[in-house]
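Have a look at the structure below, then the notes.
The values are calculated or read from the model by the stated rules, or taken from the named source; none is laboratory data. These numbers were taken from a predicted model, which means no experiment stands behind them. Positions of Cβ are generated from backbone atoms using ideal geometry, with glycine treated the same way; all protein chains shown enter the neighbour counts.
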Amino acid sequence: MDVYMMKNTLKVVLLTSLLPFAASAAEQLTPWYVGGGLGVNNYEPNCDQKTMKVCGEDDPYAWDVFGGYLFNDYVGIELGYRDLGRAEWTDYSNKRNDVGARGMSLGFVGFYPLADKWSLSAEAGALNYLISNKKEYNTEYYSDSGIAPYLGAGIGYNVTDNLKLQAKYRRYENLDEEKWNTLSMESNYWGLELSYRFGTSAPAAAPVAAPMVVAAPGDADKDGVTDNMDKCPNTPLTHKVDATGCSVYEYITTKHDLGGILFANDSAVIRKGSLDDLNKLANFLNKNPQHTVSIEGHASNVGKAAYNMKLSERRADSVAKALNQKYGINTSRIDSIGYGVTKPVIQGSSAEANRVNRRIEAIVTGTEKRVVLR
């Protein structure tokens, strides 16, 4: 993997959000902690840079703040901000200059407990750095950013259950200034860190009393739920029950063909003789407000198919309109569609076939609550 690919990969890692994982169950301490550190940092090589002539003195003091999340007692992840201090030098044109690096860091940490309260740690991650000078010596201001991988190790001591003091060493690679191609540095950091883990230690376990022997509760209705938990004590034996002893219900989607209405030849007008059938359909819909209806229009096989398709649609629309305007059925519950001559009751164009095919059919859809049987 070349440097460019490595840097882009590390950028993705740096921008990844911290994911919640299962916390350690050994104590009531939370998996979250925060902390800060102080130390000294040395940029290297400090005397053989591309533009350096004379070594300068470093301002080596570095610091960082961080927050972390422990996946378990051994592995965690940390997000922080780090300032690695500054270095000074004189270049070949006798101009003094300085540089420093700082930025956000993201990395994994591992812990290995030793005797009593001591532990070893190791870490690996990346620093999304900004490298720049302060322009203090009449030099041109420059800055560049990038991704620098780092490795670290340390030894820690738990001052309390919440407080941990650690001595840390970190090695940073590829702290480069590539915009002007003037700097290519590494860095060594030594410091102390103090972290605080949120939560409290688990209290000492209370003595366990000898168990009391209690008679098992009965099950009067034989439904498998004991009487002390049964909220429906008289459930029929054929019913499936829930954890409280009550019948379990399910909702079933059903479709009903509520019959049809016949029309005269080449007509979409509802005839007086069909009003009883229309009344029955409207009464059913009013008594079952959760049901919907699809009005399907049809025509006899006389004349052109395209004309008969439009005629079947007018027949369906006339019934849908009557249900809404005369009986108050909301239009959201009514659908109308025409099928022309595509779904005849009787094939052909005989007088009887033509009579029964000039129709609408009402298909009602709804849900019914039914008890689940064993």
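Structure data summary
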{"quantity": "Out of Ala215, Ala220, Ala268, sole residue that is of a type in the set (A, V, I, L, M, F, W, C) and modelled with pLDDT of 85 or more", "calculated": "Ala268"}
{"quantity": "Residue among Asp230, Asp277, Asp257, Asp219 that alone is among the acidic types (Asp, Glu) and more than 46 Å from the chain's Cα centre (by Cα)", "calculated": "Asp277"}
{"quantity": "From the options Ser274, Ser267, residue that is assigned by TED's automatic domain parsing to the domain that holds Glu352 and assigned to a loop (DSSP other than H, G, I, E, B)", "calculated": "Ser267"}
{"quantity": "In the stretch 284-318, residue surrounded by the fewest Cβ atoms within 10 Å (Cβ to Cβ) [restricted to those that are of a type in the set (Val, Ile, Thr) and under 47 Å from the mean Cα position of the chain (by Cα)]", "calculated": "Thr292"}
{"quantity": "Search result, residues across the stretch 326-374 that are among the β-branched types (Val, Ile, Thr) and closer than 30 Å to Pro289 by Cβ", "calculated": "Ile329, Thr331, Ile334, Ile337, Ile360, Ile363, Val364, Thr365, Thr367, Val371, Val372"}
{"quantity": "Tally, over the stretch 324-374, of residues that are surrounded by fewer than 17 Cβ atoms within 10 Å (Cβ to Cβ), of a type outside the set (D, E, K, R) and not in a strand (DSSP E or B)", "calculated": "17"}
{"quantity": "Filter result (more than 17 Å from Val371 (Cα to Cα) and among the aliphatic types (A, V, I, L, M)) within the stretch 219-244", "calculated": "Ala220, Val225, Met229"}
{"quantity": "Of residues in the stretch 245-282 being closer than 30 Å to Arg374 by Cα and free of Cβ contacts under 8 Å to residues at least 60 places away in the same chain, the one surrounded by the most Cβ atoms within 10 Å (Cβ to Cβ)", "calculated": "Gly245"}
{"quantity": "Criterion: of a type in the set (Lys, Arg) and either touching a Gly at 6+ places or on another chain (Cβ under 7 Å) or touching a residue at least 12 places away in the same chain (Cβ under 8 Å) (or both) - qualifying residue of Lys240, Lys304, Lys287", "calculated": "Lys240"}
{"quantity": "Strands (runs of 3 or more DSSP E) completely within the stretch 39-135 that count 2 or more residues being in contact with a strand residue (DSSP E or B) (Cβ under 7 Å, 6 or more places away or on another chain) and modelled with pLDDT under 90", "calculated": "52-55, 75-91, 96-113, 118-132"}
